[in-house]
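Quick notes on the structure that follows.
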Amino acid sequence: AGSTMTGTLTVPDVTVTGSINNPSVIKAWATCNTSGSTQAQGTVFPHTGINVASCVKSNNLGRYVINFSTAMSSAAYAVTTSNTSVNTTAQVLEKTTGGFIVQHSLASGNVLVPINVLNFDLMVCAL
């Protein structure tokens, strides 16, 4: 048993608004607003969500560092992320108890080319 998380999470074509009654599984979620920014290294983007302290631009193209407000008990958690850019993919490169790094890339033939994205959503689950 635990408390209830309430808010809105939007991913392409789906908006979930309401309460999550099993916060023991969902540890964090956020929408990071990267549009309208210069996306320079170290830029801290505005975000909404639960248990995300910051979304920060890394020194690499398309790479973002997500820091948790409250650390996870271990780095054995799952991350899902999406963005509004067409033909892109996201890969989690490194996970720690304090956060993770996500790399967004554009699919170009058989090659993934790093690309900065305009806004992205994330959700972190753990048992």
Open item on the list: Could you check region 71-86 and list, in sequence order, the residues that are surrounded by 12 or more Cβ atoms within 10 Å (Cβ to Cβ), modelled with pLDDT of 90 or more and either in contact with a strand residue (DSSP E or B) (Cβ under 7 Å, 6 or more places away or on another chain) or not hydrophobic (A, V, I, L, M, F, W, C) (or both)?
Closed with: Met72, Ala75, Tyr77, Ala78, Val79
- [ ] Starting from region 78-90, keep only residues that are in contact (Cβ under 8 Å) with a residue 24 or more places away in the chain, then list their pairs with residues that are part of a strand (DSSP E or B) and of a type in the set (Gly, Ala, Ser) whose Cβ atoms are within a distance under 6 Å, requiring at least 6 positions of separation or different chains.
- [x] Thr81/Ala90
- [ ] Scan region 51-62 residue by residue and report those that are surrounded by fewer than 19 Cβ atoms within 10 Å (Cβ to Cβ) and under 15 Å from Gln91 (Cα atoms).
- [x] Ser58, Asn60, Leu61
Open item on the list: Restricting to region 87-110, and then to whatever is among the β-branched types (Val, Ile, Thr), at pLDDT 90 or above and closer than 15 Å to Gly62 by Cβ, can you tell me which residue is least open to solvent (accessible area, probe 1.4 Å)?
Closed with: Val102
Task: Hits in region 28-48 (condition: outside any strand (DSSP E or B) and open to solvent by 30 Å² or more (accessible area, probe 1.4 Å)) - done: Asn33, Ser35, Gly36, Ser37, Thr38, Ala40, Gln41, Gly42, Thr43, Pro46
- [ ] Please indicate, with yes or no, whether at least one residue in region 55-62 is modelled with pLDDT under 90, in contact with a strand residue (DSSP E or B) (Cβ under 7 Å, 6 or more places away or on another chain) and of a type in the set (A, V, I, L, M, F, W, C).
- [x] yes
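The values are calculated or read from the model by the stated rules, or taken from the named source; none is laboratory data. These numbers come from a predicted model, not from an experiment. Quick reminder, even Gly has a Cβ in these numbers, built from the backbone with ideal geometry, and neighbours come from all protein chains shown. Side chains are part of the model used for accessible areas, which takes the heavy atoms of the whole protein and leaves out ligands, DNA and RNA. Shrake-Rupley method; radii C 1.70, N 1.55, O 1.52, S 1.80 Å.
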